[in-house]
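Enquirer: Got a structure here, written out as structure tokens. Questions coming.
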Amino acid sequence: MKRKYLGGAIATVLAVSALAAIPASADAQVQQRSVKSASKDGDAKTLARTTSRRLITSRAPQLKIGSADSFTAKPVISSHGLQYAPYTRTYRGLPVIGGDFVVVTDKQGQVITTSVAQRRATALASITPRVAKSTAVATSRGQLTRTTTTGTTRLVVWQQGGSHLAWQTRVTGSQGTAPSSLTVYVDARTGKLLGSTEHVLSGQGTGVYNGPNPLPLNTSLSGTTYSLKDPATTSRVCQNSTGSVTYTGSDDLWGNGDATNRETGCVDAFYSTQVMKAMLTDWLGRSGMNGSGTWVPTRVGLNDQNAYYDGNQVQIGKNLSGHWIGSLDIVGHEYGHGVDNTTPGAISNNGTQEFIGDAFGALTEAYANEAAAYDPPDYLVGEEVNLVGTGPIRNMYNPAAVGDPACYSSSIPSAEVHAAAGPGDHWFYLVAEGSNPSNGSPTSPTCDGSTISGLGIQSAGKILYGAMLMKTTSSSYLKYRTWTLTAAKNLYPGSCAEFNTVKAAWNAVSVPAQAADPTCSTSNNTVTVTNPGAQSGATGTATSLQITATDSAAGETLTYSATGLPAGLSINSSTGLISGTPNAATTASVTVTATDSTGAAGSTTFTWTITGAGGVCSEVTATGTLSNGASSYQPSTTGFTAAAGAIVGCLTGPSGVDFDLYLQRKRGGSWSNVATSLGATATENISYNAASGTYRWRVLSYSGSGSFTLRYDVP
Ligand SMILES: [Ca+2]
Ligand SMILES: [Ca+2]
Ligand SMILES: [Ca+2]
Ligand SMILES: [Ca+2]
Ligand SMILES: [Zn+2]
């Protein structure tokens, strides 16, 4: 890659000085926008940008803003409901290498976390170099055994631990027999080498046999000429390495089954990017290799037992039998470097770059999910063809099987980059499949003897990708531990199962806990049910009431229940809608409860008065108070006279007590019960088809005390 951040993005520069004033209205404006529904990605991205600017202008301490910093916003990335706003930094106009950060926000623009490369503010006594540019260029060229191209040299700040004024130079050539392209940093005050970044990321491939044939390929037709070019994504092509020419033909039939034929090699490689494109969209919510739909060309014909991504292309080489090696896992691996390079912080550092590639290879192979006769998912890298005569070149569930370390140690960051993939590959497998899978996948011995249950490869990929969107140039296994834990927490709100698995898997590969690691707890959720106020209705008239509730944890599913509802009404447990037709007059005390999936619950209580439509329980209202076990006679012990017809009574009382209702008739000087309602609560209803005579109500406290209301109709 010759230039950073090519194309697409319209960068905005935001300068900050110690005197920067925050507009008085800024907070109010953010607040106002936050309460608006931001259902579209665009709104959420705008809110993320606004929030990030506010963090910068308020000089939030976690951003480590120095006295002369400016910031450049890169495009906000939306994924799984979260927004990732990356920024790069300059100091007194010089790019700060290691000054980048990412602000993560939710859909409402609230900050969820920040990921900052540097640990202290940038500060330099002087930005005048003491070492000549030509001296620095010579030192940079000396990092390669043969340098064919030297790019432009510029002054930057190398921010790692402390701040160093540095000359940055891109040199391209070879390191021994391997292609190499380095960005080299030389201290501009002392002439010492500060560090370098490799841009050619080589993997080793395997032979390529996707199936069943014929493989469906998304090709283009122009005039009468077909080409191996995705019509929907014209940057996704497969070319002959010689001349970098996209394969074309007069028919839409490709390859001849000969594994040494380059066009056949392109069939497998082009099919592999086609599968990967779908995997990125469906599983990770990412558009194409670079996140905005763009790929770099695949070129088949590299004359080496190798494949590589260099920022501009993916070159596919061959095995010892001359078979081109564009298998799902090799192609997925190389374009995984492309995803890594085009997410914040660029290529992963300190021994983590190759495990990222392997994870994307495994994800691509898993998404294709081919039958055993072809290239089934297996968490091996390069198993299909014997590249150099030793079988697969990496084994994610048992790295030691191919001689790679399975466990992290302090020597990993400086180990050979492919061997350094061992602990990360092992971690990815444990998160995806676990240590003792029950689905037939292989066991994966842990470094600490622990047992882990997997989350499935789709969740493992989602969490790893979420971490990559928080990546900064300070990436390492230690940082990936913190970032994946943060991602698991953010992507599965209200649940700690994913977080706990990610944590257990890092422990299982000996990556130690970090001070910056988040913690996960579901016990602090609060659920709030909005009180709808007193309600009223009438018997025989359908009614409905929507209950609303909020949860402090995002993404939770609420379940509703209710007690004390007027007879005839019920609540929908998933929507919170109360509906139905009341069939008895009452004054009910209704309590609605909402519970989330972690068990957190909230409730509210309100009264709901149902009056008798057409006179039911509406003529006479009597009230009284009962102590436990006592009776009250209404309207008095001597009762009332009634004509023949329906005597209807509706009793209500406090919740938690059991009052019962009796209708008594006087005959021959004594009273006897003619109707009773003896339910378990204080709500009782009687409708009695009476002969003319003398009647009275008896209200009995079966248990509990309190006041009651008795409404009744007399014919
Ligand atoms: Ca053809
Ligand atoms: Ca396979
Ligand atoms: Ca494989
Ligand atoms: Ca009762
Ligand atoms: Zn690689």
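Enquirer: What's the angle, to the nearest 10 degrees (0 to 90), between helix 457-468's Cα axis and the longest principal axis of the chain?
Expert: Once rounded, one gets 70 degrees.
Enquirer: Let me ask you something else. In whole Å, what is the distance between the alpha-carbon centres of the range 46-85 and the range 128-160?
Expert: So the two Cα centres are separated by 31 Å.
Enquirer: Through the Karplus equation 6.51 cos²θ - 1.76 cosθ + 1.60, θ set to phi - 60°, convert the phi angles of the range 142-158 into ³J(HN,Hα) values in whole Hz; use x for Gly and Pro.
Expert: After applying 6.51 cos²θ - 1.76 cosθ + 1.60, I find x, 7, 10, 6, 9, 10, 9, 9, 10, x, 6, 10, 9, 7, 9, 9, 8 Hz.
Enquirer: Also, I was wondering about something else. Under 18 Å from a point 7 Å along the Cα-to-Cβ line of residue 312: which residues of the range 137-176 have their amide N that close?
Expert: 146-153, 169-175, by backbone N distance to the label point.
Enquirer: In the range 89-245, carbon and sulfur make up what percent of the accessible area (probe 1.4 Å)? Please report the intermediate quantities before stating the final value.
Expert: Working: 3480 of 7000 Å².
That share works out to 50 percent.
Enquirer: Counting only residues 5 or more places away or on other chains, whose amide H sits under 5 Å from the amide H of residue 587 once H atoms are built in the peptide plane?
Expert: Correct list: 610.
Enquirer: Same structure again: For the pair residue 292/residue 401, report the inter-label distance in nm, with labels modelled 7 Å from Cα in the Cβ direction.
Expert: Computed distance between label sites residue 292 and residue 401 equals 4.2 nm.
Enquirer: Considering only protein heavy atoms, with the full assembly of protein chains and a 1.4 angstrom probe, order 393, 610 by accessible area, largest first. Could the numbers behind the result be given before it?
Expert: Numbers: 393 30, 610 5 Å².
If we order 393, 610 from most to least accessible, we get 393, 610.
Enquirer: Taking the simple approach of a point 7 Å from Cα along Cα-to-Cβ for both residue 281 and residue 572, what is their distance in nm?
Expert: A separation of 3.3 nm, rounded to one decimal place.
Enquirer: If the chain between residue 232 and residue 605 were fully stretched, how many nm would it gain, using 0.36 nm times the residue separation less the Cα-Cα distance?
Expert: Details: separation 373, 0.36 × 373 = 134.28 nm, distance 5.63 nm.
Gain on stretching residue 232 to residue 605: 128.6 nm.
Enquirer: Under the classification rounded if a/c is under 1.5, otherwise prolate if a/b is larger than b/c and oblate if not, where does the range 65-219 fall, given a ≥ b ≥ c as square roots of the Cα gyration tensor eigenvalues?
Expert: On the way: a/c = 3.08, a/b = 1.14, b/c = 2.71.
Oblate shape, in that a/c is at least 1.5 and b/c is the bigger or equal ratio.
Enquirer: For the range 617-713, count all C-alpha to C-alpha pairs, find those more than 15 Å apart, and express that count as a whole percent of the total. Each step should come with its number before you reach the end.
Expert: Values: 2553 of 4656 pairs.
The answer is 55 percent, as a whole percent.
Enquirer: Let me ask something else about it. Hey, if you drop one equal point scatterer on each alpha-carbon of the range 356-482 and run the Debye formula without solvent, what base-10 log of I(q)/I(0) do you get at q = 0.15, 0.16, 0.21 Å⁻¹?
Expert: Values, matching the q order: -0.70, -0.81, -1.39.
Enquirer: What percent does the relative contact order of the range 155-313 come to when contacts are Cα pairs within less than 8 Å and at least six residues apart?
Expert: On the way: 261 pairs, mean separation 29.8, N = 159.
Once divided by the residue count of the range 155-313, the mean separation gives 19 percent.
Enquirer: I've got another one for you. When the chain is fully extended, how far beyond the present Cα-Cα distance does residue 554 get from residue 581, taking 0.36 nm per residue of separation?
Expert: On the way: separation 27, 0.36 × 27 = 9.72 nm, distance 3.46 nm.
Result: 6.3 nm gained on full extension.
Enquirer: From the P(r) of the range 317-394, can you give the percent of Cα pairs sitting at distances over 13 Å?
Expert: Details: 1990 of 3003 pairs.
That tail contains 66 percent of the Cα-Cα pairs.
Enquirer: Moving to a separate point now. Dividing the convex hull volume of the alpha carbon atoms of the chain by its residue count, what do you get in Å³ per residue? Don't skip to the answer; put the middle values down first.
Expert: On the way: hull volume 163.6 nm³, N = 715.
Given the Cα convex hull of the chain, per-residue volume reads 229 Å³.
Enquirer: Defining a contact as two alpha carbons under 8 Å apart and six or more residues distant in sequence, what relative contact order in percent does the chain show? Write down the numbers at each step before the final one.
Expert: Numbers: 1747 pairs, mean separation 50.7, N = 715.
It comes to 7 percent, rounded to a whole number.
Enquirer: Of the accessible area of the range 527-611, with the probe set at 1.4 angstrom, what percent is carbon plus sulfur?
Expert: Numbers: 1830 of 3700 Å².
Here it works out to 49 percent.
Enquirer: Here's something else I'd like to know. Just grab the label-to-label distance for residue 644 and residue 119, each label 7 Å out from Cα along the Cβ direction, in nm (one decimal).
Expert: A separation of 9.8 nm, rounded to one decimal place.
Enquirer: Another question about this same structure. Using the Karplus equation 6.51 cos²θ - 1.76 cosθ + 1.60 (θ = phi - 60°), what ³J(HN,Hα) coupling, rounded to whole Hz, does each residue of the range 535-543 give in order, writing x for Gly and Pro?
Expert: Along the range 535-543, the couplings run 10, 9, x, 9, 5, x, 10, 4, 9 Hz.
Enquirer: In degrees from 0 to 90, rounded to the nearest 10, what is the angle of the helix 41-57 Cα long axis to the longest principal axis of the chain?
Expert: 70 degrees
Enquirer: Can you give the helix-only mean residue ellipticity at 222 nm for the chain, where every DSSP H stretch with n ≥ 4 adds -39500 (n - 2.57) and the sum goes over all residues, rounded to the nearest 500 deg cm²/dmol?
Expert: Computed ellipticity for the chain at 222 nm equals -6000 deg cm²/dmol.
Enquirer: Amide H to amide H, which residues 5 or more places from residue 192 or on other chains are under 5 Å from it, using H placed in the peptide plane?
Expert: Answer set, sorted by chain and number: 187.
Enquirer: What figure, in Å² to the nearest 10, do you get for the accessible area of residue 671 with a 1.4 Å probe and non-protein molecules left out?
Expert: Only protein atoms counted, so the area is about 60 Å².
Enquirer: Taking only the Cα atoms of the range 133-199, how large is their convex hull per residue, in Å³?
Expert: 76 Å³
Enquirer: In whole Hz, with x marking every Gly and Pro, tabulate ³J(HN,Hα) for the range 350-360 from phi via Karplus 6.51 cos²θ - 1.76 cosθ + 1.60, θ = phi - 60°.
Expert: Result, ordered by residue: 6, x, 9, 5, 7, 5, 4, x, 4, 4, 5 Hz.
Enquirer: Right, another one. How much area per residue is accessible in the range 133-199 when the probe is 1.4 Å and only protein heavy atoms are counted (Å²)? Please list the in-between numbers first.
Expert: Working: 2970 Å² over 67 residues.
Dividing the accessible area of the range 133-199 by its residue count gives 44 Å².
Enquirer: If you don't mind, another one. Residue separation times 0.36 nm, minus the C-alpha to C-alpha distance between residue 443 and residue 148: what's the value?
Expert: Values: separation 295, 0.36 × 295 = 106.20 nm, distance 4.72 nm.
So the extension gain works out to 101.5 nm.
Enquirer: Another question, if that's okay. Rounded to a whole number, what % of the accessible area of the range 617-713 do carbon and sulfur atoms account for, probe 1.4 Å?
Expert: Values: 1940 of 4360 Å².
Result for the range 617-713: 44 percent of the exposed heavy-atom area is carbon or sulfur.
Enquirer: If you don't mind, another one. Give me the three principal axis extents of the range 283-344 from the C-alpha atoms, as integers in angstrom, largest value leading.
Expert: Ordered largest first, the range 283-344 gives principal extents of 38, 23, 16 Å.
Enquirer: Okay, moving on. Give the Debye-formula value of log10 I(q)/I(0) at each listed q (0.14, 0.18, 0.19, 0.20 Å⁻¹), with one equal scatterer per alpha carbon of the range 527-611, two decimals each.
Expert: Treating every Cα as an identical point scatterer, log10 I(q)/I(0) equals -0.45, -0.69, -0.75, -0.82.
Enquirer: Over the range 203-508, give the accessible area per residue in Å² for a 1.4 Å probe, as an integer. Intermediate values should be presented prior to the final figure.
Expert: On the way: 9990 Å² over 306 residues.
Per residue, the range 203-508 has 33 Å² of solvent-accessible surface.
Enquirer: Sticking with this structure for a sec: Could you please put 688, 695 in sequence from largest to smallest accessible area, using a 1.4 Å probe?
Expert: Working: 688 55, 695 0 Å².
Sorted by accessible area, descending: 688, 695.
Enquirer: What whole number of Å gives the distance from the Cα centroid of the range 540-606 to the Cα centroid of the range 371-429?
Expert: So the two Cα centres are separated by 54 Å.
The values are calculated or read from the model by the stated rules, or taken from the named source; none is laboratory data. Small disclaimer: the values here were computed from a predicted structure and weren't measured. Methodologically, a virtual Cβ is constructed for each residue, glycine included, from the backbone with ideal geometry; neighbour enumeration extends over all protein chains shown. Side chains included, ligands, DNA and RNA excluded: accessible areas come from the protein's heavy atoms. Shrake-Rupley method; radii C 1.70, N 1.55, O 1.52, S 1.80 Å.
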